[in-house]
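I have placed the structure first, in the form of structure tokens, so that the comments after it can refer back to it.
The values are calculated or read from the model by the stated rules, or taken from the named source; none is laboratory data. These numbers come from a predicted model, not from an experiment. Backbone-built Cβ (ideal geometry, glycine too); neighbour counts: all protein chains shown. Ligands, DNA and RNA are stripped out before the accessible areas are found, and what is left, the full protein with its side chains, is counted by its heavy atoms. Shrake-Rupley method; radii C 1.70, N 1.55, O 1.52, S 1.80 Å.
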Amino acid sequence: MAFEKVDLVIVGAGASGSVYASVLAKAGKKVVLLDSGPDWELSDLISSEIWGRRVKPAGAPILLEGKNPMGYAAQAGWGVGGATLHYFANFPRLLPTDFRMKSEHGRGHDWPIAYQDVAPFYDKVAREIGVSGDAKAEEKWRPAGEAYPMPPMKTFRNGDIWLKAFESVGIAMVPAPVGMNSVEFKGRPACIYDGWCHVGCPTGALANPLVTYLGEARKAGAEVRAWSTVTRLLTNQAGTRVIGVEYYDDKHQKQVQQASVVLLAAWSAQNPRLLLNSATDKHPKGLANASGLVGHFMMSHHVANTWAMFDEDVQNHMGTVGVQYMSYERYPKTSHAGAFGSSFVTAGFALKTADLANARGDLFGGELADYMKRAARHLAGIKTFGEEQPAAENRLELASEKDQFGMSLGKLTHSFDQDAVALWNANLEEGLRVAKASGAKEAWSARGAMPTSHLLGGTIMGTSAANSVVNSYGQSHEIPNLWVAGPGIFPTEGASNPTFTIFALSQRGAEQMASQWGTLTN
């Protein structure tokens, strides 16, 4: 069947796509979102590791390679809501230094915008979907802005037990900003602190798209089409504009959705895969890729986990998976001697049975059973996220293998460089110092494989087609009605969780798209 042409087609109904859908539908545009998975509702979000596995993808249409292959299942989404269906809603922001790393340190890239350009959108997002935290306390590290609309979340012993130890090594901890309700907000209930955020919050207390932007978009008339897998972007004969997308529906029938504007808002590795797979004689290297940069500069955070066993009951089943405390004290790029990059320090998060077991992956049988009994009430952890530098060789390419729709799989190659490894080690060592100062009776570092968290880059923003794929709004330099959204447009990653910045940049981009609509569609 033929669908009528719409104003905007959005590929992916996750964090960034839902913001654009809300802004553009409210501006009176006809918007369709296509998502390759099911159309989840809050009642589908069941607080169980086994049931909760459903909202995460089974496997990537992407081959994961390199020295530190990117984790996929926990980092990507499956279905409407995307990865933000099961994210922890940590809402720290990037700091001014992140936007000018090249000018300040001769490393990585500068952003084509500054912190000041994004700051008003951080405030706007907080007002719109609700953030709990203490903005004043954060201002020792960042420029002043609006207060958060809700007070900080409740804390538990699993967070409070670390505070004196952090102070002893010179790390000031403050309440973490989170996209969760410490009190009722806009008709959504306050959090009940049962720690099941990672499999999706069924109450609406956590700001996932279903109860925020996507709900608003639907109210304003946007259509969400689930089980719709986009395989190709279509261009006009001259190759100067995109005219729509080709996709396979729930019956595996090929469909076309024509649109005046196309927004790619899928996972950071899927967007370049689609651009490369949409090559034509006018764009032999793929769309928006005259620079040859599509798929390059893919980045991930590394995570230094430190675990400790305490004598007292640390209430570790209580709280949220999003953290209770955070610090930017190690955020300056040269905080650790012999390593380069920012670190973002966090403490206080709920643990479930699987987390207890994973904290000691080396134990089996009777030893594991004994440990689990102790860990059940006495284990607590701290996590430090670390920055990796953008490297061209961390990249997404097309593989020769095909998926069920005949589309080339992506091949994502990711390796941490020596700076990232040095920073990870420095963060693990500091974590152990904190644990020893905390009075824990035993403490250990999670060494093993370096964890990867959050995938960014691949369609980076910059000043021109010579150094980037899109401009600061996410508009492709080469094809004005082709836009990209999400963490894929970040030219550097900082060290803090990216979602607050994803929402802020998407709000900024969507407002620009709405205000420039006439020039995009003529």
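Calculate log10 I(q)/I(0) of region 1-123 for q = 0.17 Å⁻¹, where I(q) comes from the Debye formula with a single equal point scatterer on each Cα and nothing for solvent.
Listed by q, the Debye log ratios stand at -1.13.
Does region 467-516 come out rounded, prolate or oblate by the C-alpha gyration tensor, with a ≥ b ≥ c the root eigenvalues, rounded set by a/c under 1.5 and, if not, prolate when a/b is larger than b/c and oblate if not?
Cα axes put region 467-516 in the oblate bin.
How large, in percent, is the carbon and sulfur part of the accessible surface of region 329-409 at a probe radius of 1.4 Å?
Answer for region 329-409 is 51 percent, counting heavy atoms of protein chains only.
Per residue of region 136-149, what does 6.51 cos²θ - 1.76 cosθ + 1.60 with θ = phi - 60° give for ³J(HN,Hα)? Whole Hz please, x for Gly and Pro, Karplus curve as stated.
4, 4, 6, 6, 5, 10, 9, x, 5, x, 5, 5, 6, x
Any idea which of 480, 414, 517 is furthest toward the positive side of the dipole for region 413-522, if Lys and Arg beta-carbons carry +1 and Asp and Glu beta-carbons -1?
Of the options given, the answer is 414.
Rounded to the nearest 500, what is the chain's calculated 222 nm mean residue ellipticity when only DSSP H runs of at least 4 contribute -39500 (n - 2.57) each, over all residues?
Dividing the helical sum by the residues of the chain leaves -7000 deg cm²/dmol.
Determine the distance separating the Cα centre of region 223-256 from the Cα centre of region 299-329; give it in Å without decimals.
One Cα centre to the other: 42 Å.
Cα centroid distance between region 115-181 and region 464-522, in Å?
26
Kirkwood Rh and Cα-based Rg: tell me the resulting Rg over Rh for region 319-364, rounded to two decimals.
Expressed as Rg/Rh, it is 1.15.
Send over a whole-number figure in Å² for the accessible area per residue of region 87-182, probe 1.4 Å.
38
Count neighbours as other Cβ atoms within 10 Å of each site's Cβ, and list the trypsin sites (Lys or Arg not before Pro) in region 44-79 that are DSSP loop with at most 13 such neighbours.
Qualifying residues, ordered by number: 67.
Where in region 6-46 does the amide nitrogen come within less than 13 Å of the point 7 Å from the Cα of residue 404, taken along Cα to Cβ?
Those under the cut-off are 36-38.
When the Karplus curve 6.51 cos²θ - 1.76 cosθ + 1.60 is applied with θ = phi - 60°, which whole-Hz ³J(HN,Hα) does each residue of region 32-42 get, with x for Gly and Pro?
10, 9, 10, 9, 6, x, x, 8, 5, 10, 4
In square nanometres, what is the average projected area of the Cα convex hull of region 1-64?
Computed as one quarter of the Cα hull surface, the answer is 6.8 nm².
Give me the percent of the accessible area of region 97-236 that comes from carbon and sulfur atoms, probe 1.4 Å, all protein chains in place.
Roughly 53 percent, rounded to a whole number.
Sort all Cα-Cα distances of region 42-113 into consecutive 5 angstrom bins from zero, then give the percent of pairs in each bin up to the one containing the longest distance.
Percent of pairs per bin, in order: 3, 13, 16, 13, 12, 17, 13, 7, 5, 1.
Cross-link candidates for residue 186: which aspartates and glutamates have Cα within less than 15 Å, leaving aside residues fewer than 8 places away along the same chain?
128, 216
Please work out the ratio of the alpha-carbon Rg of region 92-249 to 2.2 N^0.38 Å and round it to two decimals.
Dividing the Cα Rg of region 92-249 by 2.2 N^0.38 Å gives 1.38.
I'd like the orientation of helix 499-515 relative to the chain: the angle between its Cα long axis and the longest Cα principal axis, in ° from 0 to 90, rounded to 10.
With rounding to tens, the tilt is 20 degrees.
Any idea which of 336, 290, 322 is furthest toward the positive side of the dipole for region 231-349, if Lys and Arg beta-carbons carry +1 and Asp and Glu beta-carbons -1?
The Cα lying farthest towards the positive end belongs to 290.
If you take the Cα atoms of region 445-494, find Rg, then find the Kirkwood Rh from the mean of 1/r over all pairs, what is Rg/Rh?
My calculation puts Rg/Rh at 1.19.
Count neighbours as other Cβ atoms within 10 Å of each site's Cβ, and list the trypsin sites (Lys or Arg not before Pro) in region 269-344 that are DSSP loop with at most 12 such neighbours.
282
Using a Förster distance of 41 angstrom, determine the FRET efficiency expected from the C-beta separation of residue 311 and residue 73, and round it to 0.05.
0.70
Compute the FRET efficiency between residue 258 and residue 139 as 1/(1 + (r/R0)^6), taking r as their Cβ-Cβ distance and R0 = 51 Å, and round to the nearest 0.05.
After rounding, the FRET efficiency stands at 0.60.
Between residue 521 and residue 63, what length in nm is gained on full extension when 0.36 nm per residue of separation is reduced by their alpha carbon distance?
Working it through step by step, the gained length comes to 161.2 nm.
What is the ratio of the Cα radius of gyration of region 429-522 to 2.2 N^0.38 Å, where N is its residue count, to two decimals?
Compared with the compact-globule rule of thumb, region 429-522 sits at 1.62.
Going by the alpha-carbon gyration tensor, a ≥ b ≥ c the square roots of its eigenvalues, is region 293-344 rounded (a/c under 1.5) or, if a/c is not under 1.5, prolate (a/b greater than b/c) versus oblate?
prolate
When ligands, DNA and RNA are left out and all protein chains stay put, how many square angstrom of accessible area per residue does region 1-61 have with a 1.4 Å probe?
41
With contacts defined as alpha carbon pairs under 8 Å and 6 or more residues apart, what's the relative contact order of region 218-306 in percent?
About 19 percent, as a whole number.
Below 18 Å, Cα to Cα, which lysines can residue 136 reach? Residues fewer than 8 away in the same chain don't count.
124, 154
Which trypsin sites (Lys or Arg not before Pro) in region 418-457 pass both tests, a DSSP loop state and at most 12 other beta-carbon atoms within 10 Å?
Those that pass, being in a loop and sparsely packed, are 441, 447.
Can you give the Rg to Rh ratio of region 374-468, both from alpha-carbon atoms, with Rh computed by the Kirkwood formula?
When Rh is taken as the Kirkwood radius, the ratio is 1.14.
So if the hydrodynamic radius of region 188-311 is defined as the Kirkwood radius over C-alpha pairs, what does Stokes-Einstein give as its diffusion coefficient at 25 °C and 0.890 mPa s, in µm² per second?
In µm²/s, the coefficient rounds to 134.
Does region 228-384 come out rounded, prolate or oblate by the C-alpha gyration tensor, with a ≥ b ≥ c the root eigenvalues, rounded set by a/c under 1.5 and, if not, prolate when a/b is larger than b/c and oblate if not?
Prolate is the answer for region 228-384, as a/c is 1.5 or above and a/b outweighs b/c.
Over 22 Å between Cα atoms: which of 254/402; 5/285; 5/29 fall into that group?
Among 254/402; 5/285; 5/29, the Cα-Cα distance tops 22 Å for 5/285.
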